[in-house]
Structures are given as structure tokens and as C-alpha cells.
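Step one of this worksheet: look at the structure below.
The values are calculated or read from the model by the stated rules, or taken from the named source; none is laboratory data. Treat the numbers as computed from the prediction; the structure is a model and nothing was measured. Cβ placement follows ideal geometry from the backbone for every residue including glycine, while neighbour counts extend to all protein chains displayed.
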Amino acid sequence: MRALLLLTALGALAPLAAEAQEVEQTNLRYDEDWSVLGDAARAGWQRIKYAPLDKDGAVHLTLGGEARARFEGFDNNLWGDPPAPDDGYPWLRVMPHADLHAGPARLFVQGIAGYARGVGAGKGPADETGIDLLQGFADVRIGLGEDGDLTLRGGRELVALGSERLVGIRYGPNIPQAFDGVRAIATRGPVRIDAFHLRPVAVGGGDFDDAASKTRRLDGVYATITPVAAIGIDVYWLGYKNEAARFVGRSGREARDSFGVRFFGKRGDLGWNWEGIVQRGRFDGGPIRAWSIATETAWSFPQAALKPRLRLRANIASGDRNPMDGTLGTFNALFPKGKYFGELSPIGPRNIVNIHPSVDFDLGSGVTVELAAATFWRHRRGDGIYDIPGQLIRPAAGSGARHIGDQIEISAGWQASPVLSFSGSLSAFRAGRSIRETGPARTIRMAGAEAMLKF
């Protein structure tokens with residue numbers, strides 16, 4: 001009820017909020033710089049997007065928020081596995097924020113009220129958190145010559161690295177994934193380097209009970225260079241530790257290093273985003289030997305009717321060859337983005353081979369439509385099938401088949417105003433032989449609908 005009241009109140013402000021759209025809004029609200037309004041005339045709601053608190057604007061405040069209502073309904077969820085194969089539930093979340101700048105120093109705070117109703121299989125950390133602090137950090141920026149600076153930050157924040165294949169904000173589900181810790185961000189010309197020491201926030205279901213995990217830790221260095229416009233290269237190392245990890249029926253301590261390279265960009269109508277990752281380390285006393293290759297290539301036709309864009313995504317995430325040999329080959333996606341393979345996404349990026357073509361159209365007036373299909377296979381027959389958080393949902397035993405299944409999806413979105421949007425989707429996932437031989441294998445059907453106010 002509290003979240004619904006907040007959603008209604010913010011919805012009533014939508015006409016006023018539309019006046020404030022001067023900066024591209026992102027899911028990482030702390031990256032928005034509303035100081036570009038400067039001395040421009042500001043009327044009504046615009047005053048809260050950039051409110052100078054001194055004569056020269058060195059001290060200024062930005063306020064904003066997001067309210068989202070989303071419904072998801074399933075028939076035969078997880079191919080009919082209990083406890084709740086037929087399920088439907090609303091997600092509600094409200095996320096107000098305040099961003100205070102004082103010269104080179106900054107304080108950013110974002111709260112969250114997130115609720116789920118009627119989740120048949122039980123609410124998890126991505127469903128509900130009650131009222132809590134989503135982000136709260138302070139940072140200071142130090143100049144490094146004419147074209148560089150160093151930002152030192154400490155507190156709780158959302159972190160998105162690259163394509164969010166290994167570290168994302170989990171924006172699609174109801175409750176984003178935050179981290180507690182420290183971070184240093186250095187930029188110099190075309191180079192940016194992030195270094196961090198973080199612990200993921202463990203989400204509780206009550207009010208003000210989210211806290212840093214005591215069992216998991218993430219360290220890393222992530223470098224990006226953009227040598228020419230619209231083309232970039234990422235190189236990174238991520239060090240992950242989990243004192244209570246589980247893989248293929250075993251549990252133990254996991255210490256895993258991920259080394260990755262990403263090449264991305266756009267040239268004319270061609271766009272690409274290709275990434276390779278190697279993982280090494282130790283799990284339960286044995287070595288880790290895992291890897292992944294993920295590609296996305298797109299071709300746009302802006303002069304054609306409906307401006308179609310064709311995309312082909314192809315991914316491999318390694319699995320474990322033999323659970324008895326002491327070497328773990330299962331790839332760990334760490335903290336990936338939510339809705340990884342589309343709106344349905346019953347499986348995650350572990351022990352898979354995936355081909356995922358799609359086409360999207362611009363119908364005008366802010367309306368877009370996307371059609372997508374995907375086919376999934378197991379990379380290794382000796383390993384099972386996992387969901388996005390990394391839980392084993394079908395064991396390897398009982399089937400030597402690789403084919404997991406096929407997914408189709410149609411989704412549509414309408415950007416009704418700069419701050420108000422609506423979207424919907426229909427999806428189906430037909431079970432392949434690997435699913436049919438290891439348990440229930442009914443076709444999953446899913447419908448989703450969403451309304452969002454973001455200002």
C-alpha cells in the first residue's frame with residue numbers, strides 16, 4: 001500500500017516533470033549532470049533538477065525519482081516444475097534521489113520502496129526489499145591536468161561495467177543490485193580506469209535491513225580506451241570470492257579471477273559488441289578453468305520504412321566436463337544484468353551455447369517493436385542448467401542431450417513523453433530434449449506489462 005500511494009503521487013506529477021527533460025536520463029542516475037541548465041530560465045518543476053544554493057552555482061542540488069509498476073504472468077514456469085508453475089504477480093518500486101554538489105565534493109542518496117505481491121514460489125532478493133537505502137555515497141573529484149581527473153568514492157552504489165555481463169545493476173527485475181565499498185575512477189583523455197573494492201548488498205525483505213554480504217567480495221580494475229569516436233576497447237580483471245559457493249552438487253570456498261577484453265563500437269550503420277572472458281582460480285580445493293565468448297552484431301537501415309535494425313547475438317559460457325575430476329569448468333557470470341536473454345530469460349549464462357537473432361522497428365511517435373528468437377544448448381553434457389542468479393534448475397544426470405530449448409518473444413514500447421513510458425511483451429519457451437528427459441517439459445508462456453515514470 002505504501003508503494004502504491006507513492007506511485008500514485010508521483011504519477012500526478014508527470015505533467016510537471018515533463019518540463020524538466022533537458023538531459024538524457026540513465027539507469028545510473030548519478031551520472032546525469034543537470035548543471036548544464038546553468039543560468040537558463042527554469043520554471044516550475046525544472047527548479048528541482050538544478051537548484052543553485054549559492055551565487056555562482058558551485059553548490060547546487062538535483063532532485064528526481066522513478067516510479068515503476070510491472071506485472072508478470074506465467075503458465076508452466078520452469079517448464080511446469082513446482083512449487084508455482086502458473087503464477088502472476090505485480091512488482092512496485094519507487095526510487096527517489098537527491099544529488100548535492102559542493103565544488104569538487106558530492107553527496108548522492110537514492111532510496112527505494114520495492115514490493116511484490118503474490119509471488120507463488122516465494123519472494124527473493126530481486127522481488128522485494130521494503131523501504132531501504134539503495135544508494136548513498138560521497139565522492140570528491142581531483143583535477144589531473146587539463147584533460148583528466150580522479151574521483152574517489154565511498155559508500156553504497158549501483159555499479160555497471162561494460163555490457164553488464166559480469167557486473168550489472170539488475171535493473172529489469174524489481175530490486176537492483178547495489179554494492180558497499182570504495183571506488184576510484186581516473187580519466188585522462190580517451191582513457192578511463194576504475195579500481196574498486198566492494199561487497200554486494202544482501203537484500204532483506206523488511207524495512208531498512210539491507211546489509212553488505214559477509215560471504216562475498218568483488219575487487220577489480222576496469223580500463224576503457226576510446227581511441228576514435230564511437231569505438232572502444234575494455235580490458236579488465238575482476239577478483240571474486242565467495243565463502244559459500246555451490247556448483248554441480250558441491251559446495252565450498254570459491255576464489256575466481258576473471259580476465260576480459262571487450263571490443264565495441266559503431267561505424268556507419270554497423271554496430272558491434274564482442275567480449276571474451278577467461279576465468280581461473282580455486283573452488284573447494286580444486287582448480288577453476290572456465291571461459292566465455294559473447295558477441296552482438298547489429299545492422300541498421302535508417303532510410304528504410306520503419307527503420308529496421310537487425311541484430312545477431314551469439315554466446316558460449318563454459319560448463320563443467322566432469323564433476324568427478326576435481327576441476328570446475330562452469331562459468332560464473334558473477335552479478336549479471338537482469339532479463340539476460342530477454343523478458344522471459346528462464347536460464348542464465350552458464351554452461352550454454354546460444355544463438356539469438358532479432359529485429360526491431362521504429363513505428364514513430366515513440367513506439368518501437370522487437371521480434372526475437374533464441375535457441376539454447378548445453379555446452380557440456382556433464383553439467384546442468386542454471387538460472388540467472390546461478391542456481392541449478394536441472395541436473396546433468398538423466399540426459400545426454402545438449403538441446404535445452406527454443407524461445408520466441410515479441411515486445412513493444414511507447415515513450416509517451418520524455419518522462420513517461422509503457423512497455424509489454426509476450427514470450428514462449430519450448431522445451432528441448434535435455435529438459436524433456438529430466439523432468440516436466442511443458443512450454444513456458446509469459447506476459448509482461450510495465451508503466452514507468454522517470455524524472
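Are any residues in segment 175-221 in a strand (DSSP E or B) and small (G, A, S), and if so, which ones?
The answer is A178, G181, A184, A186, A195, A202, A211, A212, G220.
Touching a residue at least 40 places away in the same chain (Cβ under 8 Å), outside any strand (DSSP E or B) and either within 22 Å of the chain's Cα centre (by Cα) or crowded, with 19+ Cβ neighbours inside 10 Å (or both), is that true of Y171? Against the criterion (touching a residue at least 40 places away in the same chain (Cβ under 8 Å), outside any strand (DSSP E or B) and either within 22 Å of the chain's Cα centre (by Cα) or crowded, with 19+ Cβ neighbours inside 10 Å (or both)), Y171 qualifies. With respect to the conditions (1) within 23 Å of T297 (Cα to Cα); (2) at pLDDT 95 or above; (3) of a type in the set (S, T, Y); (4) surrounded by fewer than 21 Cβ atoms within 10 Å (Cβ to Cβ), S318 lacks only one, and its number is (4). Annotation: G181 fulfils all but one of (1) on the phi > 0 side of the Ramachandran plot; (2) out of contact with any His (no Cβ under 8 Å at 6 or more places or on another chain); the unmet one is (2).
When the strands (runs of 3 or more DSSP E) confined to segment 9-103 are screened for residues that are modelled with pLDDT of 95 or more and among the small types (G, A, S), those reaching at least 3 such residues are found at 66-75.
For segment 229-251, the count of residues that are closer than 24 Å to Q279 by Cα, more than 19 Å from the chain's Cα centre (by Cα), of a type in the set (F, W, Y) and surrounded by 15 or more Cβ atoms within 10 Å (Cβ to Cβ) is nonzero. Quick check on R381: is it within 26 Å of L238 (Cβ to Cβ), touching a Gly at 6+ places or on another chain (Cβ under 9 Å) and either free of Cβ contacts under 8 Å to residues at least 40 places away in the same chain or surrounded by 23 or more Cβ atoms within 10 Å (Cβ to Cβ) (or both)? Considered against the rule, which asks whether it is within 26 Å of L238 (Cβ to Cβ), touching a Gly at 6+ places or on another chain (Cβ under 9 Å) and either free of Cβ contacts under 8 Å to residues at least 40 places away in the same chain or surrounded by 23 or more Cβ atoms within 10 Å (Cβ to Cβ) (or both), R381 comes out as no.
Total residues in segment 367-392 satisfying the condition of being touching a strand residue (DSSP E or B) at 6+ places or on another chain (Cβ under 9 Å), under 23 Å from I293 (Cβ atoms) and not charged (D, E, K, R): the figure is 12.
Checking A294, A298 one by one, the residue that is under 21 Å from G239 (Cα atoms), surrounded by 17 or more Cβ atoms within 10 Å (Cβ to Cβ), in contact (Cβ under 8 Å) with a residue 12 or more places away in the chain and aliphatic (A, V, I, L, M) is A294 and no other. Of all residue pairs spaced 6 or more apart or on separate chains, those with beta-carbon atoms under 9 Å, a first member in segment 198-224 that is farther than 18 Å from P389 by Cα and a second member that is of a type in the set (S, T, N, Q) and not in a loop (DSSP other than H, G, I, E, B) are G220/S258.
Only residues that are surrounded by fewer than 20 Cβ atoms within 10 Å (Cβ to Cβ) and part of a strand (DSSP E or B) were counted in segment 252-272, giving 14. Taking the numbered list (1) surrounded by 17 or more Cβ atoms within 10 Å (Cβ to Cβ); (2) of a type in the set (D, E, K, R); (3) under 13 Å from D132 (Cα atoms) in turn, D207 passes all entries but (1). Looking at this structure, is T224 part of a strand (DSSP E or B), under 23 Å from the mean Cα position of the chain (by Cα), hydroxyl-bearing (S, T, Y) and surrounded by 15 or more Cβ atoms within 10 Å (Cβ to Cβ)? Here the answer is yes, as T224 does meet what is asked.
Out of curiosity, is R309 farther than 30 Å from A401 by Cα and crowded, with 18+ Cβ neighbours inside 10 Å? Working first, answer last.
Numbers: farther than 30 Å from A401 by Cα: yes; crowded, with 18+ Cβ neighbours inside 10 Å: yes.
Yes.
When you look at I408, is it of a type in the set (A, V, I, L, M), under 19 Å from F331 (Cβ atoms) and out of contact with any Gly (no Cβ under 6 Å at 6 or more places or on another chain), yes or no? First the steps, then the outcome.
Values: of a type in the set (A, V, I, L, M): yes; under 19 Å from F331 (Cβ atoms): no; out of contact with any Gly (no Cβ under 6 Å at 6 or more places or on another chain): yes.
Taking the combined requirement at face value, the residue does not satisfy it.
From the list F341, F361, the lone residue that is within 21 Å of the chain's Cα centre (by Cα) and either among the aromatic types (F, W, Y) or assigned to a loop (DSSP other than H, G, I, E, B) (or both) is F341.
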